[in-house]
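The values are calculated or read from the model by the stated rules, or taken from the named source; none is laboratory data. From a predicted model like this one, the values you see are computed outputs, not experimental measurements. Here the Cβ is made from the backbone with ideal geometry for all residues, glycine too, and neighbour counts use every protein chain on show. To get the accessible areas, we keep the full protein, side chains included, count just its heavy atoms, and leave off ligands, DNA and RNA. Shrake-Rupley method; radii C 1.70, N 1.55, O 1.52, S 1.80 Å.
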Amino acid sequence: EQIAAYCFAVDAVNFCFWPNNPSGHFEYEHMTRNFEKLMKDDPKFFTERLGETTSEFLKTNVFTTVNKFALIDERARFLREVGTHIKSFMSFIESSGFDCQRLVEQIVNTLPGFRDMAIYEGKQVFFYKRAQILVADLVGAFDDYRQQL
């Protein structure tokens, strides 16, 4: 459950990695390391309190290496969305029948923050990049977990 929740959280905020403060430097690896530390220090955060995430919490615990980070309020909103809409990450995954395409569809149908789209030549185009990355990350994470057993 924790591994699945961690993947959902990381991929919910996996966008726009440029600092508002040019003197600060923050990358994806900083975020994932800080999330890993949070998972060790507060194991129930991802499974029980993700829906209560605030911008201030993220500034203090996740995006800590720069003074101002891009779209922090939006990232907090996406984490709250994940924590509010998914009560059991494993049940959510299992309900897809472990079918990757079906899981991507469930993610975008349940979590508006994962509905990546753009307007191209006047038409709405859906590409669901982060939902696909999330499914790939889940497969990778659970393959790694199985190998450790």
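Just a few scattered comments:
- Under the convention that each Lys and Arg Cβ holds +1 and each Asp and Glu Cβ holds -1, the size of the dipole of the chain around its Cα centre is about 260 debye.
- Rounded percent of accessible protein surface that carbon and sulfur make up, the chain, 1.4 Å probe: 52 percent
- Rounded to whole numbers, the Karplus 3J(HN,Hα) couplings from phi for segment 116-130 are 5, 7, 8, 9, 10, 6, x, 10, 7, 10, 9, 10, 6, 4, 5 Hz, using 6.51 cos²θ - 1.76 cosθ + 1.60 with θ = phi - 60°, and x at Gly and Pro.
- Largest GNM mean-square fluctuation among Thr47, Thr32, Thr60, using the chain with Cα springs under 10 Å: Thr60.
- Entry note, the chain: relative contact order of 26 percent, from Cα contacts under 8 Å with a spacing of 6+ residues.
- Within a Gaussian network of the chain (alpha carbon springs, distance under 10 Å), most fluctuating of Tyr120, Tyr128, Tyr28: Tyr120
- Computed over segment 85-149: relative contact order in percent, which uses C-alpha pairs under 8 Å that are six or more apart: 22 percent
- Extreme residue, positive dipole direction of segment 26-111, given options Leu103, Met39, Met90 (C-beta unit charges): Met39
- Taking amide H as placed 1.01 Å from N in the peptide plane, the amide H of Tyr128 sits under 5 Å from that of Asp116, each at least 5 places away or on another chain.
- Helix-only arithmetic for the chain: the sum of -39500 (n - 2.57) across DSSP H runs with n ≥ 4, divided by the residue total, places the mean residue ellipticity at 222 nm at -17000 deg cm²/dmol.
- Projected onto their three principal axes, the Cα atoms of segment 54-109 cover extents of 43, 19, 17 Å, largest first.
- Positive-pole candidate from Leu79, Leu138, Phe8, dipole of the chain, charges at beta carbon: Leu79
- For Asn14, distant residues with modelled amide H under 5 Å away: none
- Exposed loop sites, defined as trypsin sites (Lys or Arg not before Pro) outside DSSP H, G, I, E and B with at most 11 other Cβ atoms within 10 Å, are absent from the longest region of the chain, namely 88-149.
- Accessible surface area normalised per residue over segment 57-109 is 53 Å², counting heavy atoms of protein chains with a 1.4 Å rolling probe.
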